[in-house]
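Here the structure comes first, spelled out in structure tokens, and everything after it is commentary.
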Amino acid sequence: MHLQTSEGTGPGAATTFDDSARLTTKSSALPFGQNITLPSVSGPTYLTAQTLVQQVAYALSSTLFTYSPEGFDLDVAAKSWSATNAKNAHGHVSSVHALETHHGAGAMALGYMFSPDFDMTKRHIPQSILASAASLEYLRPSLDQLSLLYDVANPTALQVAAVDYAPDMKAGLVTDYVSALGVAEEMGMGLVASKSVYEVQHMSLLATLMASVAPAMHTYDGITVGRETTRVVDVLGVEGLKRVYDAVLDGVKADLGSKRLTNEGKVAKLMQAFNAELGTEYKCFEYSGHAAPESVLVVFGTVEASLGAQVAEKLSEQDVKVGVINVRVYRPFVEEEFLAALPVGVRQLTVLGQVKDQTSVTDNSISSNLYADALAAVNFASMSNGGEPSVYDIKYARDVVWTVTRMERLLRHVATGSSQGAETAQPLKLTSEDTRQYTFWDVETGNSAEAPMMLGQLLSDDSALNVTVRSGRDNLVQGGVVRTDIRSSPKTIEAAYSVKEADVIVVGEEKLLKEFNVVESLKDEGTLILKSAGWKDEDVEKKLSTPVRKAVATKNLKLFVLDPTASGKVGEEPGLETYLLQLAFLKVATPDVYEKGLKKLMSAGDVLETLAQDLDAALKEVEVPEAWLTVELEENESVPPTEDLHVNSFGMVDKTNDEPPSYLRTWATAARGLAFKEAYGTAPALRPDLAVKTAIVRVKEHRRLTPETYDRNIFHIEFDLGDSGLKYEIGEALGIHAENNQADVEEFIKFYGLVPEEIVEVPSRDDSTVLENRTVYQSLMQNVDIFGRPPKRFYEALSEFASDHAEKTQLLMLGTGGNQEAAIEFKRRAEVDTVTYADVLLEFPSAHPSFHDIVRIVNPMKRREYSVASSQKVTPNSISLLIVTVNWVDPKGRDRFGQATRYMDSLTIGAPVTVSIKPSVMKLPPKTTQPIIMAGLGTGLAPFRAFVQERAWQREQGHPIGDVFLYMGSRHQREEYLYGEEWEAYQDAGIITLLGRAFSRDQKQKIYIQDRMRETLGEIRRAYLKGEGAFYLCGPTWPVPDVTNVLEEAVEAQGLADGVKMRENFGGKEIERLKEEGRYVLEVY
């Protein structure tokens, strides 16, 4: 399932809806976290630097040897291509050997090249090694041997991600160029570095070409830039790489064979031919900054070069006389070209050199590799002509994260001896004015954790935009935190740093606001969207700490709250929460994209349309009071640190327990928990499995409203609140935490061979992160939706347990939709036969999973919400519902029932029921004099009974009340005139001023609710438009277009009467405006 716009290019293009296969990130090394085919890596498309590196290695090499630490995925794309028999540039499938990093690493690669069985006709074909910087120490002995035997070896290129684990450092993962610089210097290997993702393919190719002279390495940032998804326009495909590779080598064939040329001279010739073939202007050393600098900083590395060049150019606009030289080719170090890149008149040359750790930074006896080369070059030049600049070494450890501010301070210090200007000047803005920036914070296990990557893919569908998406993970905070930055711009984006002035920040877990200073990276007057389940305005000070509230007010931010529990669809299927968040973000951040997408959703009629309707209730803007500006921190409060999260992982930590959570246990398990509460974290609670606040109420009245002989059982049920303390507002819904039918549960236990008294630990029905000990019987009654309808994934999961081959195949086909027949069969099972999980387990006897596996693959039971049909001001100690029993007969003649309505219909007077309250958009207008126009079909009348009771109470209190119009629809007046006597009594009392009854089947010509509305169009115009009334519709979705058309007719008729010039779709646009004002409210299902 994927939100999409009308156009798409590259991997960002949308897929079709398939609810059984949700998008999940396969690897952060892949574009948008998704697999990409080898032919797709071509032309303008969205890629990561790591994908491009693998493409060059795979295309030009016959064999790849990879040393990728677990989770780094340095070879994930190459392995996929090899597994699918993708052809390289030589017309063969490249072999990919994934090897472990340990002492002796590299021996296999050497053994392969010098094996007696090696095909000598392939000696000219390059071999590639993909590795992290951490692997170089273990590869040194093999690389040393390779250098000695290189004249008879294959050209060998190493593609090295500059990343290493540093458990003794706070960062966890560090950018490591020291290892590559050291190996290149000691062994005479070539070494090039990429400045950005846009150069990665070319530099990978250049290193492979340099391997024709000597073993060569290409290194690039492996933490951020290497994994950032970016649109690259001029990507060479496999054939293009081969063409350039062959053309360059043909052009320098004579030079490479020359004994008079040094390696430096050969690389210079290669670079010249390389530029000529590609139309580029790459140099071994490249200068950026002031035209007449007095000081120059020398840098090596992706982020260092990119950030240094951009900051130097910005400072030159302020006449800060400083520049930056990027060392693109470190080995061979061509001194003449280095000196040529150095502007005339420079008095000070400062080398920014990386060393291993902070100890090396403070040790004056240690200098950086880069410093030694720069110093030697300058000293050599001074011997020739004198007057050369002074050379200084500024060292930094591998865990330093370069930001715009840090680089600016350094360059100002290099230029003036002080960084004071950086403190007083406005922060440098390196991105273009039309760049939009968004940041998402969430926990790894959150239901919406995948949303940012999916949104990035959605935004990339617009071919007029360039989009970048980068993520960082800290698995040591809150069990795993992920931050994702998205940038979009009509121009190319090169931003090797975290977003510091976001237009919108989305926080998926409110606890993160206490761990990180999230608001600090929001620009003034930006927008903060907070996802908070069960949000209530009165809890705002509990949810938002004092520092957060003060920052929101000080920055004049807009604050929105997304409450996923307000979406009925998400309640049914929590996995849809990620799509709800995407819709909320689009509505707030990119309303144009949202509106375009919404029109498509309405025509598609799928799950997303329902979510879009739920969004009206789930998303709300929170008013920011001026008082927040002056709040003071409490003694125990502090502002979170301003630093970014520490990236210490590229994926989720495996939190799998050795023992399944639902492993069957004896009564002793529960006894230990009760006896040793502190040790086992036992706490008594009302329905501890529920994340929402619950209460126990008892049945007070259970009255059928339709005749016993009628085919629809619609009943009124009222609950006594007793001492539960339950409070509810007008229009809210009551969540019923129903139970399965006792007889059905006992029958299932018997046929499946279970012991009902055994203890099992199961996930709760409303919060899968909460586990509880229950008996098998209790879990089947209240936790496991064993009589619910299974999705495709259940069939697929069940197939793993089938011992019979035919049953296994059938289950797998049903679960994967393997062919058209299987897809049709699954649809018939779900929609016609309405089979349950229990039915499937009975049908396929060879698939007999244990009970703990049943708990794992069967969905938990969910609460069901029903609109409240009473006002607590009128009935302070009770709450009422209007329910229709859902029942049908399946093709086998079996009676089937809706679980929750069957449960409620079976309740007797005094029976206890667990309930909870869910907020709703169905609220009365703020003024009692504002008219209300209500349209309810069937049980959709429930909230309007509460509305009318409330208006009657308001009048009793002496408040003037406005008109009350009630339009009701059902099939027959005699059987379905629900609360008919009450409506007529309220009408006689003057509370209801217009009662429009539509009984569709009581006459030959069917009359629907919209017909009654059209008959009273004048009254609607007066009350709704002139009187600033509010319109409400509750019931099934089918009448929505017809009812809306009537309202549009009223709007247009009133506009003509008022002399308004009619524009195209005037009525529709006015209804949209009324919707925004809360005067057009739908609660449909």
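Structure above, values below:
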item: Qualifying residue in segment 850-862 (condition: over 21 Å from PHE801 (Cα atoms), in a loop (DSSP other than H, G, I, E, B) and open to solvent by less than 10 Å² (accessible area, probe 1.4 Å)); result: yes
item: Selected residue (only one of SER920, SER916 is assigned to a loop (DSSP other than H, G, I, E, B), at pLDDT below 95, open to solvent by less than 60 Å² (accessible area, probe 1.4 Å) and polar (S, T, N, Q)); result: SER920
item: Segment 1024-1041 - residue that is on the phi < 0 side of the Ramachandran plot and at pLDDT below 90 and, of those, least open to solvent (accessible area, probe 1.4 Å); result: PRO1039
item: Residue that is farthest from the chain's Cα centre (by Cα) [pool: residues in segment 266-302 that are crowded, with 24+ Cβ neighbours inside 10 Å and in a helix (DSSP H, G or I)]; result: VAL267
item: Verdict on ALA695 being open to solvent by less than 40 Å² (accessible area, probe 1.4 Å) and within 16 Å of GLY940 (Cα to Cα); result: no
item: Criterion: in a strand (DSSP E or B) and either aromatic (Phe, Trp, Tyr) or modelled with pLDDT of 95 or more (or both) - qualifying residue of PHE72, PHE32, PHE65; result: PHE65
item: Selected residue (only one of GLU1072, GLU1064, GLU1083 is open to solvent by 30 Å² or more (accessible area, probe 1.4 Å), over 18 Å from PRO931 (Cβ atoms) and touching a strand residue (DSSP E or B) at 6+ places or on another chain (Cβ under 6 Å)); result: GLU1083
item: Pairs, first within 22 Å of VAL482 (Cα to Cα) and aliphatic (A, V, I, L, M) in segment 18-43, second at pLDDT 90 or above and not in a loop (DSSP other than H, G, I, E, B), C-beta under 6 Å, six or more apart; result: LEU23/MET454; ALA29/GLN50; ALA29/VAL76; ALA29/ARG227
item: LYS491 open to solvent by 40 Å² or more (accessible area, probe 1.4 Å), under 30 Å from ALA305 (Cβ atoms) and touching a Pro at 6+ places or on another chain (Cβ under 9 Å); result: no
item: Selection from segment 339-385 of residues that are of a type in the set (S, T, N, Q) and surrounded by fewer than 16 Cβ atoms within 10 Å (Cβ to Cβ); result: GLN358, THR359, THR362, ASN364, SER365, ASN379, SER382, SER384, ASN385
item: Unmet requirement for ALA214, which otherwise passes all of (1) assigned to a helix (DSSP H, G or I); (2) aliphatic (A, V, I, L, M); (3) open to solvent by less than 20 Å² (accessible area, probe 1.4 Å); (4) touching a helix residue (DSSP H, G or I) at 6+ places or on another chain (Cβ under 7 Å); result: (1)
item: Top-ranked residue of segment 387-398 - restricted to ones that are of a type outside the set (S, T, N, Q) and open to solvent by less than 60 Å² (accessible area, probe 1.4 Å), ranked as farthest from TYR371 (Cα to Cα); result: ARG398
item: GLU865 being among the acidic types (Asp, Glu) and outside any strand (DSSP E or B); result: no
item: Members of segment 826-836 found to be touching a residue at least 12 places away in the same chain (Cβ under 8 Å) and of a type outside the set (Ser, Thr, Tyr), listed by number; result: PHE826, ARG829, ALA830, VAL832, ASP833, VAL835
item: Pick from segment 54-73, criterion in contact with a strand residue (DSSP E or B) (Cβ under 8 Å, 6 or more places away or on another chain) and open to solvent by 10 Å² or more (accessible area, probe 1.4 Å), ranking: nearest to SER649 (Cα to Cα); result: GLY71
item: Checklist (1) of a type outside the set (S, T, N, Q); (2) in contact with a helix residue (DSSP H, G or I) (Cβ under 6 Å, 6 or more places away or on another chain); (3) assigned to a loop (DSSP other than H, G, I, E, B); (4) within 23 Å of ALA29 (Cα to Cα) applied to ALA78, failing item; result: (3)
item: Scope segment 883-906; condition surrounded by fewer than 17 Cβ atoms within 10 Å (Cβ to Cβ) and more than 19 Å from ALA942 (Cα to Cα); matching residues; result: ASN887, TRP888, VAL889, ASP890, PRO891, LYS892, GLY893, ARG894, ASP895, ARG896, SER906
item: Considering residues of segment 150-177 that are open to solvent by 10 Å² or more (accessible area, probe 1.4 Å) and of a type in the set (Val, Ile, Thr) only, the residue nearest to VAL225 (Cα to Cα); result: THR175
item: From GLU186, GLU199, residue being open to solvent by 10 Å² or more (accessible area, probe 1.4 Å), touching a Phe, Trp or Tyr at 6+ places or on another chain (Cβ under 9 Å), assigned to a helix (DSSP H, G or I) and not β-branched (Val, Ile, Thr); result: GLU199
item: Hits in segment 461-488 (condition: open to solvent by less than 30 Å² (accessible area, probe 1.4 Å), touching a Pro at 6+ places or on another chain (Cβ under 8 Å) and touching a residue at least 60 places away in the same chain (Cβ under 8 Å)); result: ASN466, VAL469
item: Test for THR445: is it part of a loop (DSSP other than H, G, I, E, B), more than 25 Å from ALA171 (Cα to Cα) and of a type in the set (Ser, Thr, Tyr); result: no
item: Conditions (1) within 23 Å of LEU47 (Cα to Cα); (2) out of contact with any strand residue (DSSP E or B) (no Cβ under 6 Å at 6 or more places or on another chain); (3) in a strand (DSSP E or B); number of the one not met by GLY472; result: (2)
item: Residue list for segment 971-1013, restricted to those being of a type in the set (Lys, Arg), loosely packed, with under 15 Cβ neighbours inside 10 Å and either in contact (Cβ under 8 Å) with a residue 40 or more places away in the chain or not in a loop (DSSP other than H, G, I, E, B) (or both); result: ARG974
item: Any helices (runs of 4 or more DSSP H) falling wholly within segment 508-604 and containing at least 1 residues that are closer than 27 Å to SER764 by Cα; result: 512-515, 540-543, 568-572, 577-589
item: Meets criteria (open to solvent by less than 50 Å² (accessible area, probe 1.4 Å), in contact with a Ser or Thr (Cβ under 9 Å, 6 or more places away or on another chain) and either under 21 Å from PRO215 (Cβ atoms) or modelled with pLDDT of 95 or more (or both)) for GLY111; result: no
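Residue by residue, here is whether (1) of a type in the set (S, T, N, Q); (2) open to solvent by less than 40 Å² (accessible area, probe 1.4 Å); (3) within 29 Å of ILE917 (Cα to Cα); (4) not in a loop (DSSP other than H, G, I, E, B) holds:
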| position | (1), (2), (3), (4) |
| --- | --- |
| VAL762 | no, yes, yes, yes |
| ARG789 | no, no, yes, no |
| GLU807 | no, yes, no, yes |
| LEU811 | no, yes, no, yes |
| GLY815 | no, yes, no, yes |
| PHE826 | no, yes, no, yes |
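The values are calculated or read from the model by the stated rules, or taken from the named source; none is laboratory data. Here the structure is a predicted model, which means the values were calculated and not measured. Note that we place each Cβ from the backbone using ideal geometry, even for glycine, and neighbour counts take in every protein chain shown. Side chains are part of the model used for accessible areas, which takes the heavy atoms of the whole protein and leaves out ligands, DNA and RNA. Shrake-Rupley method; radii C 1.70, N 1.55, O 1.52, S 1.80 Å.
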